[in-house]
1. Contact list please: Cβ distance under 6 Å, first residue in region 241-260 and more than 20 Å from C218 (Cβ to Cβ), second residue modelled with pLDDT under 95 and open to solvent by 40 Å² or more (accessible area, probe 1.4 Å), pairs at least six apart or on different chains.
2. Criterion first (assigned to a loop (DSSP other than H, G, I, E, B), β-branched (V, I, T) and either modelled with pLDDT of 80 or more or open to solvent by 60 Å² or more (accessible area, probe 1.4 Å) (or both)) does V28 satisfy it?
3. Out of region 193-204, which residues are open to solvent by less than 10 Å² (accessible area, probe 1.4 Å), under 16 Å from the mean Cα position of the chain (by Cα) and under 14 Å from Y311 (Cα atoms)?
4. Mind checking whether some residue in region 86-94 is open to solvent by less than 70 Å² (accessible area, probe 1.4 Å) and part of a loop (DSSP other than H, G, I, E, B)?
5. Within region 313-326, count every residue that is more than 14 Å from S358 (Cα to Cα) and loosely packed, with under 15 Cβ neighbours inside 10 Å.
6. Please go through (1) in contact with a Pro (Cβ under 9 Å, 6 or more places away or on another chain); (2) at pLDDT below 95 for L222 and return the number of the only condition it doesn't satisfy.
Amino acid sequence: TAQLHDEGLLADDNAGNGADAGQAPPSVDIQQIQFASARQRLRTLAFWRQAAGGTVQLAQLDGPSVSATLRTCDGKQDQLFVHDLLTQIGTYPRAVVNASDLTHVVLGGEWELRRGAEVAGSDAHDAMHLGAAGGGLLQLANPTSSMASDKEAAGKYWPQRESLFSKYAQGVKLDAEGWFSVTPERVAQHIAERCLCDLVLDPFVGVGGNAIQFAFTCERVLAIDLDLPRLLLAQHNARVYGVADRIEFVHGDFTALAPRLRADVIFLSPPWGGPDYQAATEFDARTMMGGLDGFELLRLAFAISPHVAYYLPRNTARSQLAEMAGMQEPEYEGAFETERCVLNGRLKALVAYFGELSGGAAETAEEDAAPPIEEP
């Protein structure tokens, strides 16, 4: 499985400076240059591998834009291999597109790789090659209109933006789903402190609220999401917080990848099927998770590690929490702790802790997850 690394290449501050009179010219570390070049090639290849299977819009130099499903690219990134290429004269099951014929590529409708864009500052982390003409810059397509619509997309959640991400004003980006699904930052911080470990797995990373906080308390974070544009948002937000280098971003389906994954602690925060869950008297983890079975997800998690934190709606059926506790291996069977996430006196969610995260107590304990904070 390809991983989308966020490790930029740092140039030598002395590069290109002439040697002072009487001084020997600076030596050139050929091995370091080769290593840096290899890292860049591997990182770029990983990006294209992750984008495989996604919808791309191809803006041509001398014609209308066309859409297709990306398969892969060649080693020099001079050609893109696609299928289901939709054009004005028909659909081609398989096709090869020359990068030299394109002005830019849009991935998933939101992220854009544009030829000839200036690469500077932190954006250099996103530099990608597009054809023989040289570098390109991966960025939000139409960023101005995207930012202008933030307030509209957020709706009633707009006043909470600083409690969702304290650095929102510094460039944090969310999609429509992220506004109602991301964990409030204070709650995410508290969960991260309880999940302290070497390697934590966040298999439904979304826009990155929890993964960012895990990066402050854990050695490494493995962040997975099936939605590539949302995964790129998570990576961007991690960069705003300065922790992207501690997170491995993986584009994939947790249910398919689970048998090959390893981690010390797993944080489960699957989709809850949208805000409508609040109207139910009790939330059913088997049938109300947007087509996912919450019990099956927990079973997959337990196969990786017995130490699981499960972020659940506040109205989750308590009988189901006890049933989940019974799914653990004999050493921890029946041991779990339920924590109530309360902000400003309002119950936001529940977190069920299993394995050693529960403290080994074979009973349910409920407590506030974080001190109240001011929330408009």
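The values are calculated or read from the model by the stated rules, or taken from the named source; none is laboratory data. Please read these numbers as outputs of a predicted model, since none were measured by experiment. Reconstructed Cβ throughout: ideal geometry from the backbone, glycine too, with neighbour counts over all protein chains shown. Calculation scope for accessible area: heavy atoms of the full protein, side chains included, ligands and nucleic acids excluded. Shrake-Rupley method; radii C 1.70, N 1.55, O 1.52, S 1.80 Å.
1. G252/T1; D253/L226
2. Yes, satisfied.
3. L201, D202, P203
4. Step one: list which residues in region 86-94 are open to solvent by less than 70 Å² (accessible area, probe 1.4 Å), which gives 87, 90.
Narrowing further to those that are part of a loop (DSSP other than H, G, I, E, B): none.
Scanning region 86-94, I find no residue that is open to solvent by less than 70 Å² (accessible area, probe 1.4 Å) and part of a loop (DSSP other than H, G, I, E, B), so the answer is no.
5. 3
6. All conditions are met except number (2).
Per-residue answers, yes or no, for (1) open to solvent by 10 Å² or more (accessible area, probe 1.4 Å); (2) of a type in the set (D, E, K, R); (3) at pLDDT 95 or above:
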residue: L228; (1), (2), (3): yes, no, no
residue: L231; (1), (2), (3): no, no, no
residue: Q235; (1), (2), (3): no, no, no
residue: E248; (1), (2), (3): yes, yes, no
residue: G252; (1), (2), (3): yes, no, no
residue: A263; (1), (2), (3): yes, no, yes
residue: F267; (1), (2), (3): no, no, yes
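Listed here are the residues, each with its yes/no results for (1) assigned to a helix (DSSP H, G or I); (2) surrounded by fewer than 21 Cβ atoms within 10 Å (Cβ to Cβ); (3) in contact (Cβ under 8 Å) with a residue 12 or more places away in the chain.
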| residue | (1), (2), (3) |
| --- | --- |
| E162 | yes, yes, no |
| F180 | yes, yes, yes |
| V207 | no, no, yes |
| N210 | yes, no, yes |
| F216 | yes, yes, yes |
| L222 | no, no, yes |
